[in-house]
Amino acid sequence: MKKTGLLSIFLILILLVSGCEKAADDRVVGTVQGENIYFWELSFFLDSVKTELLNQANISGDKEIQEFWKNSDIDGVSAAEVAKSKAFQQAVLFKSKVILAKKSGETLSDDTKNTIQKQIADAKTSLGGDAAFKETLSNMGINESNYKQLLEDSALVNNYFSRLAQDGTISVSDEAMNEYYNTHLSDYRATVTAKHILFATVDENKNPKSEEEQKKAAETAKQVYDEIAAGTLDFDTAMQEYSEDPGLKSNPDGYTFTRGKMIKEFENAAFDLEVGQVSEPVKSSFGWHIIKLTDARTSSFDEVKNDIYQTLASSAFDDYAKQQSASFKITKDDSVINTVKF
């Protein structure tokens, strides 16, 4: 499901903390109508793009992540280059929206400025104090001044969006929302219930087993899946015979969960299945899983209508901003962008 482009910068900050320390960088990576895009802005957008691409590729773990950025490609282009290009495009679009908002006469009220100050204070509290706050910002390649600027620009853009929605410049019909809902039903699954057969690659202390044992687990998982797929082995029978899940005895009918509650690879595979469908072996840090979806509850249209509106309205806002800024002069300094480290 496409995420709304109108999430507050405060929420994005909490969600996108990266693991390597970086200092705020004021080098110019490009311009939009003479307005600079700084390296720290590119870094901010790059964090979200990297997260998106890693999720799409179902990549986790430091070693796998490093390998992905080093050797993977997307449609013939290296993953790192795709990430940098997407981040620059997002930075250009955001800067264009800020310019359009200012040209339209948008300003920030005192109440909004006070709210921004409160968001900064709340962020410091949530992260455990001023030092932790500054470290988090540094990890993202920005400082407190940069963060405040992002909050102010975001508020300006949100005000602009709200005005365009109120005057009908941007609109979303009920028909469009219903169509989107019906074509994205799997995105609106609230809970799923799934059984699985685990072929463990770690011991009870979560330490990796020997290479030989891990190889055997992968081979056995494939063999068992092939038999289940061919109809020569019943899933439940195989689960009782092969699964090394320590929770099997207490959860013989499987696990019921929402998004964000299970290890990512297991969760993604379960939510992508149809009820009754069995997955091919899925690799996680625990081992290989063969998953069978036994039940799923999908949120009703009314429950997710506001989310759908935000998704479609955000997309319409992007299209409108691109149209209105089509004549903007954009420059790009690849010599600076190419210094981005992965």
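Which value, in Å², gives the accessible area per residue of the stretch 138-258 when a 1.4 Å probe is used on the protein heavy atoms? Can you show the working numbers first?
On the way: 6530 Å² over 121 residues.
Heavy-atom SASA per residue in the stretch 138-258 reads 54 Å².
For Gly287, nonlocal amide neighbours, meaning residues 5 or more places apart or on other chains whose placed amide H falls under 5 Å from its own, are Thr201.
What is the calculated FRET efficiency for Val336 to Glu135, with r their C-beta to C-beta distance and R₀ = 25 Å, to the nearest 0.05?
Numbers: r = 25 Å, r/R0 = 0.99.
Efficiency, rounded to the nearest 0.05: 0.50.
Annotation: Thr256 carries an accessible surface of approximately 100 Å², with a 1.4 Å probe and no ligand, DNA or RNA atoms counted. Taking the longest Cα principal axis of the chain as reference, the axis of helix 110-126 is set at about 40 degrees.
State whether the stretch 57-161 is rounded, prolate or oblate according to the following rule on the C-alpha gyration tensor (a ≥ b ≥ c being the square roots of its eigenvalues): a/c under 1.5 gives rounded; otherwise a/b larger than b/c gives prolate, and the remaining case gives oblate.
On the way: a/c = 3.50, a/b = 1.43, b/c = 2.44.
Note, shape of the stretch 57-161 comes out oblate.
For the stretch 296-341, what class follows from the C-alpha gyration tensor (a ≥ b ≥ c being the square roots of its eigenvalues): rounded when a/c is under 1.5, otherwise prolate if a/b is larger than b/c, else oblate? Taking the square roots of the gyration eigenvalues as a ≥ b ≥ c, the stretch 296-341 is oblate. Amide H contacts of Asp333 (H built 1.01 Å from N, in plane; Pro and chain starts excluded): Gly30 sit under 5 Å, all sequence-distant by 5 or more or on other chains. Rounded to the nearest 10 degrees, the angle from helix 62-71 to the longest Cα principal axis of the chain is 70 degrees. Seen against the Cα atoms of the chain and their longest principal axis, helix 144-166 is set at about 90 degrees.
The candidate values are [x] 20.1; [y] 20.6; [z] 23.1; the one derived from this structure for Kirkwood radius over Cα pairs in Å carries the label [z].
Net length available on complete extension from Asp110 to Ile65 is 11.9 nm, with 0.36 nm assigned per residue and the Cα-Cα distance removed.
In whole percent, and with a 1.4 Å probe on the protein chains, what portion of the accessible area of the chain is carbon and sulfur? Mind dumping the intermediate values first?
Numbers: 8690 of 18570 Å².
Carbon-and-sulfur percentage of accessible area, whole number: 47.
What's the longest bit of the chain with no exposed trypsin sites (Lys or Arg not before Pro), using DSSP loop states and at most 15 other Cβ atoms within 10 Å as the test? With trypsin sites (Lys or Arg not before Pro) excluded where exposed in loops, the chain gives 28-205 as its longest stretch.
Of all aspartates and glutamates in the structure, the ones whose alpha carbon falls short of 16 Å from that of Lys124, not counting any fewer than 8 places away in one chain, are Glu135, Glu144. Extension gain for Lys215-Phe301 works out to 26.4 nm (0.36 nm per residue, less the C-alpha to C-alpha distance).
Below 8 Å, C-alpha to C-alpha, sequence gap of six or more: please give me the relative contact order for the chain in percent. Let's see the in-between values first.
Values: 416 pairs, mean separation 89.6, N = 342.
That works out to 26 percent.
The values are calculated or read from the model by the stated rules, or taken from the named source; none is laboratory data. It should be emphasised that the depicted structure is a prediction, and the values quoted were computed from it without experimental measurement. No Cβ is skipped: glycine too gets one built from the backbone with ideal geometry, and neighbour counts run over all protein chains shown. When the accessible area is computed, the model is the full protein with side chains, heavy atoms only, and any ligands, DNA or RNA have been set aside. Shrake-Rupley method; radii C 1.70, N 1.55, O 1.52, S 1.80 Å.
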